[in-house]
Amino acid sequence: MAFVLQMLEMGKRKSWFHRLNPNAKLLWWICLLIVPILVTNPLILLAMTVWIWFMAIGARIGKQMYQFLIVTYPVMIGFIVITWPFFYAATPEQHFLFNWSVFHFSLEGLIYAVAMGMRIVMALTACTFFVMTTDLMDLASSLGEFMQNRLRISYMYPLMVISSFKFLPELSGDYITILDAFKSRALDMDSGSFLDRLKKIVPVAIPLIDSMLRRAQNIAIALELKAFNTANKSRTFYKEHHFGASDFFFVFTGILAIILCVIFNLFKLGKVEIFL
Amino acid sequence: MTEPIIQVENLCYRYATRNHFSVNDVSLSIQPGEFVAIIGQNGSGKTTLVKHFNGLLKPTSGRVVVNGHVTTEKSTSLLAKFVGYVFQNPDHQIFAETVRDEIAFGPKNLGFSEEKIKEVSMKVMNEMGLTGMEEDMPFQLSRGQRQRLAVASVLAMEPSILIIDEPTTGQDWKESMALMELVRELNENGHTCIVTTHNMNLVSLFARRVIVMRQAKISLDGPTQDIFRYGNELKEAWIKPPDIYALAQSILPGVKLDKPIVPEDLAAMLVEKLNGRS
Amino acid sequence: MPLIEINNVEFTYRGSTAQALDNVTLSIEPGEFVGIIGPTGAGKSTLCWVIAGVIPQIILGKLSGSASVKGLPARTTPVAEISQIIGLVQQDAEAQLLMTDIEKEIIFPLENLKLPRAEIERRLNKVLDLVSLNHDRYRHPFYLSGGQKQRVAVAAALAMEPEVLILDEATSELDPLGAEEIHILAGSLKKEGKTIIMVEHNIDELAKVADRIIVMDQGKILMDAPTREVLSNVEFLQGLGIYPPQVTQTAYAMQKLGIVFDQLPITFEEGLEVFSRLSSHD
């Protein structure tokens with residue numbers, strides 16, 4: 001939990017990337033998420049991932065991104081690379097390493113699995129970069145300002161989503177305390193059958209839900225006391241978000257990535273099938 | 001000399017999310033039947049320390065032995081057989097639909113027989129002033145009643161050691177006093193009682209032994225009245241003895257205080273001094 | 001004109017049969033420091049909520065009587081409008097902080113008030129200085145102590161420049177260090193002439209700052225008088241389960257043993273002075 005908090009705190013650092021308009025980074029992020037949809041060639045995806053890593057170093061978040069991804073990559077990649085080949089349809093032309101009734105593991109299957117894994121890795125890297133270079137509250141205000149002024153949508157929606165990040169540590173703290181209280185009344189969460197353990201969650205869930213409801217009411221009161229009007233469609237946004245040349249440039253790099261993918265596909269280089 | 005019921009040896013504990021130790025090389029022993037108050041400001045380590053007594057936390061280094069069991073070898077649910085822990089906020093444990101079910105929960109988990117459960121339930125409801133409320137819904141009780149229910153639910157497990165974490169939060173003076181009176185009664189009946197608090201008035205009236213924690217270490221440890229003499233150490237730990245102690249020490253210098261004093265006692269002493277003069 | 005006027009207010013929470021407020025009448029003038037004391041369930045927080053308009057606009061129940069804030073009816077004036085006159089700080093600091101750092105927390109209500117940027121900046125710096133949290137303005141509340149969190153809550157309320165600050169058991173969940181921070185803050189606000197209502201269990205601290213104390217029990221106001229007058233009523237307070245300052249209790253007990261006092265001391269310093277004077281009277 002503390003690590004999640006630390007990760008979110010990364011958004012408050014200073015670098016050329018951090019200073020970019022949060023909306024620009026959001027657009028860039030959306031573009032980068034389209035890339036693994038268009039392209040499945042693991043080499044292209046790897047190149048893009050490496051490029052994001054270089055940017056991460058430039059944004060001075062390299063170490064933290066490494067700390068997070070060194071744990072997350074293997075989980076993602078490992079799971080996919082190990083299981084996917086088993087599901088890859090077996091056809092006679094493949095080079096099989098292992099073939100016994102329904103269990104087959106071919107080189108082609110492995111390559112395909114690596115490609116799928118690479119898509120997730122690239123998307124994950126882009127997401128991590130985005131989260132670590134963007135102050136989520138700033139994103140809420142820049143997005144909120146845009147939504148309110150251009151789209152006439154109340155600030156309440158982005159506010160609630162982002163505000164939940166403030167409450168995450170408290171919720172998890174409550175959960176731990178409640179669990180401790182039940183352990184202290186001899187509730188052994190680790191014993192018994194799966195069904196038994198499921199039943200044991202019920203007494204724990206009740207105080208947890210109760211605390212969440214209480215908190216929700218407190219938040220509702222606090223919002224009113226701070227003059228927040230959900231119906232109101234106008235408020236000042238203190239932080240000034242300029243959309244300047246750098247921001248346009250950054251969004252362009254995202255669009256460029258998509259253009260490159262389209263070109264690769266036109267030259268029939270974009271898909272993993274070329275290796276099979 | 002009897003075996004200590006709680007023995008702490010060079011205990012160090014560090015939370016995963018912090019860089020510093022929350023409990024740093026603490027050693028102490030508590031004899032059966034003692035009434036100990038562990039005081040100190042938030043962050044001094046007092047709650048971290050007592051969470052080791054029922055195994056909620058396991059030492060980063062050092063050893064904690066409770067009732068002969070080394071805590072690293074036993075789960076909290078096992079230690080719950082003889083260590084009762086009452087949490088600060090009763091709403092963090094109340095879940096049942098009736099007061100009866102709430103109280104029976106702990107004993108049921110411990111495997112008490114039906115008759116035994118009925119017997120202890122009646123007893124603790126009496127002790128906590130909840131008789132006649134078996135069918136009431138816990139969520140509809142007042143905050144003070146819910147606090148008493150939480151204590152009752154723990155007492156029903158018949159623990160020999162009772163730990164109460166910050167019993168006065170959110171309570172008014174009358175409720176806090178009532179709770180502490182009950183703890184005193186339990187102590188007189190043989191329970192070992194440990195209370196963490198920063199309310200000096202209550203400490204002075206009930207605890208016989210005070211352990212002062214400051215910055216992860218024990219700063220002072222001794223009989224209540226003795227501890228209040230150590231002005232500097234208490235100040236550094238942000239503990240202020242009740243005003244009457246400071247008054248007594250200023251107006252009656254050298255006064256020997258070997259038991260808790262209430263304003264009436266001080267008044268009597270002052271009047272005696274004045275009458276003695278004239 | 002009184003800032004706050006409450007007349008014959010009665011209130012019962014929805015779904016409850018007990019009366020939370022029973023024929024409550026009081027008025028508060030600008031510049032007063034009013035303490036409210038009483039056992040749990042006396043209706044102190046309920047009263048604060050009625051003044052702020054939270055009852056009946058957010059918390060439902062049966063309300064009768066009239067409550068007005070600077071002439072505006074608290075029952076119908078939007079809470080957002082009342083909050084510019086009444087700043088309310090509650091017991092649970094955590095529940096009042098919504099943002100991921102202190103600066104944003106203070107800016108949030110000002111943005112909601114549609115103030116221009118320059119004004120927001122001015123107020124931000126002013127309150128951060130007032131509560132001495134300038135150095136910590138970018139910290140996430142998770143890393144703050146209880147006392148610091150409450151100071152942020154007070155700062156956010158003060159940033160709206162309300163005429164009255166209500167501290168509703170703001171120190172109940174704090175340790176002595178945290179509570180002291182809030183008491184010091186209340187004291188310095190008093191010096192600036194701010195109107196303050198403080199619901200507090202720590203009578204010793206309240207005695208040092210309150211001009212007037214209201215005693216409540218079971219929804220009723222039992223006593224509303226200058227501080228010294230209320231606190232000298234030792235047996236009455238003890239009967240309600242309220243602990244008057246220890247010096248006052250000591251002097252009262254001495255009075256019963258025959259010693260005469262012009263007036264009972266209500267602070268430690270007064271007690272020291274009075275008792276020393278007595279012992280040197282030979």
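Results, tabulated for the structure shown:
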| item | result |
| --- | --- |
| Per-residue average of Cβ from other chains inside 10 Å of C:176-188 | 2 |
| Built amide H within the under 5 Å cut-off of B:Val23, gap 5+ | B:Tyr13 |
| Degrees separating the helix C:268-280 axis from the principal Cα axis of chain C, which is the longest one | 20 |
| Peptide ranges A:122-131, B:145-154, C:135-144 listed from the most packed, as the mean C-beta count within 10 angstrom indicates | B:145-154, A:122-131, C:135-144 |
| Hz values of 3J(HN,Hα) by residue in segment A:9-22 - Karplus curve (6.51, -1.76, 1.60), Gly and Pro given as x | 5, 4, x, 8, 6, 10, 5, 4, 5, 5, 7, 5, 4, x |
| C-alpha long axis of helix B:114-127 to longest principal axis of chain B, angle in ° | 30 |
| Calculated FRET efficiency for the pair A:Met160/B:Arg184, C-beta based, R₀ 56 Å, to 0.05 | 0.70 |
| ³J(HN,Hα) computed for each position of segment A:141-150 - Karplus, 6.51 cos²θ - 1.76 cosθ + 1.60, integer Hz, glycine/proline x | 6, 6, 5, x, 4, 4, 5, 6, 6, 9 |
| Alpha-carbon gyration tensor eigenvalues x 5, square-rooted, for chain C, Å | 34, 25, 16 |
| Protection proxy ranking of C:155-163, B:224-232 - average other beta-carbon atoms within 10 Å, highest first | C:155-163, B:224-232 |
| Among A:Pro169, A:Met156, A:Met189 the positive-end extreme of the charge dipole of segment A:137-202 (Cβ point charges) | A:Met156 |
| Exceeding the 22 Å Cα-Cα cut-off - candidates A:Lys226/C:Lys114; B:Lys74/B:Lys116; B:Lys240/C:Lys194; A:Lys12/A:Lys239 | B:Lys74/B:Lys116; B:Lys240/C:Lys194 |
| Cross-link reach list, lysines versus B:Lys273, counting only Cα pairs under 20 Å and skipping chain neighbours closer than eight places | B:Lys256, B:Lys259, C:Lys256 |
| Amide H partners (placed H, <5 Å) of C:Asp217, local residues excluded | C:Leu222 |
| Relative exposure of C:Asp204, B:Asp101, judged by other C-beta atoms within 10 Å (fewest first) | B:Asp101, C:Asp204 |
| On Cα atoms only, tilt of B:173-188 relative to the major axis of chain B in degrees | 80 |
| C:Arg117-A:Leu43 pseudo-label distance in nm [points 7 Å out on the Cα-to-Cβ vector] | 4.9 |
| Average beta carbon contacts from partner chains per residue of A:55-64, 10 Å cutoff | 0 |
| Rounded to 5, percent antiparallel among DSSP beta bridges of the protein assembly as shown | 55 |
| Cα gyration tensor shape of chain B, rounded if a/c is under 1.5, else prolate or oblate by comparing a/b with b/c | oblate |
| Order by protection proxy (mean Cβ within 10 Å, highest first), peptides B:159-166, A:213-220, C:126-133 | B:159-166, C:126-133, A:213-220 |
| Distance in nm between pseudo-label sites at B:Phe139 and A:Lys12 (7 Å out along the Cβ direction from Cα) | 3.6 |
| Pair B:Val255, A:Arg214: separation of 7 Å Cα→Cβ label points (nm) | 4.1 |
| Low-density loop cleavage sites - chymotrypsin sites (Phe, Trp or Tyr not before Pro) in segment A:1-51, where at most 15 other Cβ are within 10 Å (DSSP) | A:Trp16 |
| Spatial separation of Cα centroids for segment A:1-58 and segment C:138-212, in angstrom | 43 |
| Shielding by partners - mean other protein chain Cβ count within 10 Å, residues of C:241-249 | 5 |
| Helix-only CD estimate at 222 nm, as mean residue ellipticity for the protein assembly as shown, using -39500 (n - 2.57) per DSSP H run (n ≥ 4) | -15500 deg cm²/dmol |
| Under 14 Å from B:Lys217, Cα to Cα: aspartates and glutamates that are on another chain or at least 8 residues apart | B:Glu9, B:Asp25, B:Glu233, B:Glu236 |
| Vicinal HN-Hα couplings computed from phi for segment A:202-212 (Karplus, 6.51 cos²θ - 1.76 cosθ + 1.60; Hz; Gly/Pro x) | 4, x, 6, 5, 4, x, 5, 5, 4, 5, 5 |
| Low-density loop positions, GluC sites (Glu not before Pro), segment A:176-276 - DSSP coil, at most 12 other Cβ in 10 Å | A:Glu240 |
| Distance histogram in 20 Å bins (all Cα pairs of the protein assembly as shown, percent per bin) | 13, 39, 34, 12, 2, 0 |
| Alpha carbon centroid spacing (whole Å) that separates segment B:112-190 from segment B:245-276 | 35 |
| Sequence-distant residues sharing a close amide H with C:Thr171 (under 5 Å, placed H) | none |
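None of the figures in this text is laboratory data; all of them are computed from the coordinates on show. Note that the structure is predicted; figures quoted are calculated from it, not measured. Every residue, glycine as well, gets a Cβ built from its backbone with ideal geometry; the counts of neighbours run over all protein chains shown.
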